[in-house]
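The values are calculated or read from the model by the stated rules, or taken from the named source; none is laboratory data. Computed from a prediction, not measured in an experiment: that's the story for all the values here. For neighbour counting, all protein chains shown are included, and Cβ atoms are generated from backbone atoms with ideal geometry for every residue, glycine included. Note: areas computed on protein heavy atoms with side chains; ligands, DNA, RNA excluded. Shrake-Rupley method; radii C 1.70, N 1.55, O 1.52, S 1.80 Å.
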Amino acid sequence: MLTTHKAFLATFQGLMLLIALFASINAHAQITITEIQPLKYPSVIRNSTTSSIVVVNWKGNLGASTNVTLLDNDFHNGQYFITSDTDQPITINFYQLANEYKVNLKTLRVRYQGTTLKTFPAVDLPNPGTDGEYLEIGAKVVATKKAEAGIKYPQYVLEVTEQ
C-alpha cells in the first residue's frame with residue numbers, strides 16, 4: 001500500500017481510433033483493419049523529480065528507458081490485422097492525438113512485413129492482399145512531472161490507405 005503523497009498511479013492504456021479508408025482509384029477497393037489488441041501500458045508510480053517514462057515496444061516488451069515503478073505487469077503491444085482487395089501499394093500512418101494534458105506518446109514504431117517503421121507516414125509499402133498481414137505497434141509514453149495524478153488514456157491513430 002502506498003502511503004506517500006508523491007505516489008502517482010496512472011494506467012496508460014492506448015485507446016486508438018481505427019481508420020479504414022477506401023482508395024480513390026476504385027470505388028470498390030477497400031483496406032480492412034482488425035484490432036487484435038490495442039497498445040496497453042502498465043499501472044505505475046510517477047517519478048516526482050523528472051518525467052515518467054514507460055516504453056512498450058512493438059514486440060510487447062518493456063523498454064530499457066522505462067524509469068518508473070510498475071504496479072502491475074499488465075501491458076502489451078498493439079496488434080492489428082490488415083487486408084486489401086487490390087494490389088496497390090499502401091501508406092501507414094501512426095500518430096498520437098495528444099488528448100492527455102502533459103502526457104505524450106513518442107518513439108512510435110510499427111512492425112510490418114519484417115520491417116520496423118519509425119517515420120510516418122510510411123509510403124509505398126507492399127499491399128497485404130486478401131490473405132492479410134499483421135501489424136505490431138509500440139510507443140514510449142512520457143508524463144511530465146506536471147501531469148496530474150490519475151488514470152491516463154493516451155490515444156493514437158493507426159491509418160492505412162491504398163495509394
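So for region 97-112 (the condition being out of contact with any strand residue (DSSP E or B) (no Cβ under 8 Å at 6 or more places or on another chain) and farther than 20 Å from residue 44 by Cα), does at least one residue qualify? No.
Kindly indicate whether any position in region 83-91 is under 21 Å from residue 155 (Cβ atoms), touching a residue at least 12 places away in the same chain (Cβ under 8 Å) and either in contact with a Pro (Cβ under 6 Å, 6 or more places away or on another chain) or open to solvent by 50 Å² or more (accessible area, probe 1.4 Å) (or both). Yes, that holds for at least one residue.
The residues of region 72-82 that are crowded, with 17+ Cβ neighbours inside 10 Å and touching a residue at least 40 places away in the same chain (Cβ under 8 Å), listed by number, are 77, 78, 79, 80, 82. Look at residue 104 and say whether it is of a type in the set (S, T, N, Q) and in contact with a Phe, Trp or Tyr (Cβ under 7 Å, 6 or more places away or on another chain). Answer is no for this residue. Within region 47-71, the set of residues being open to solvent by 50 Å² or more (accessible area, probe 1.4 Å) and either within 24 Å of residue 110 (Cβ to Cβ) or part of a loop (DSSP other than H, G, I, E, B) (or both) comprises 48, 49, 50, 58, 59, 61, 62, 64, 65, 67, 71.
Every listed requirement among (1) open to solvent by less than 60 Å² (accessible area, probe 1.4 Å); (2) of a type in the set (S, T, N, Q); (3) more than 16 Å from residue 33 (Cα to Cα) is met by residue 99 save one, (1). Annotation: of all residues in region 108-163 being open to solvent by 40 Å² or more (accessible area, probe 1.4 Å) and of a type in the set (Gly, Ala, Ser), the one that is farthest from residue 58 (Cα to Cα) is 149.
For every residue, the table says whether it meets (1) more than 20 Å from residue 64 (Cβ to Cβ); (2) out of contact with any Cys (no Cβ under 7 Å at 6 or more places or on another chain); (3) free of Cβ contacts under 8 Å to residues at least 40 places away in the same chain.
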residue: 105; (1), (2), (3): no, yes, no
residue: 116; (1), (2), (3): no, yes, no
residue: 119; (1), (2), (3): yes, yes, yes
residue: 128; (1), (2), (3): yes, yes, no
residue: 131; (1), (2), (3): yes, yes, no
residue: 136; (1), (2), (3): no, yes, no
residue: 148; (1), (2), (3): yes, yes, no
residue: 158; (1), (2), (3): yes, yes, no
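Every condition in (1) touching an Asp or Glu at 6+ places or on another chain (Cβ under 7 Å); (2) part of a loop (DSSP other than H, G, I, E, B); (3) hydrophobic (A, V, I, L, M, F, W, C) holds for residue 147 except the one numbered (1).
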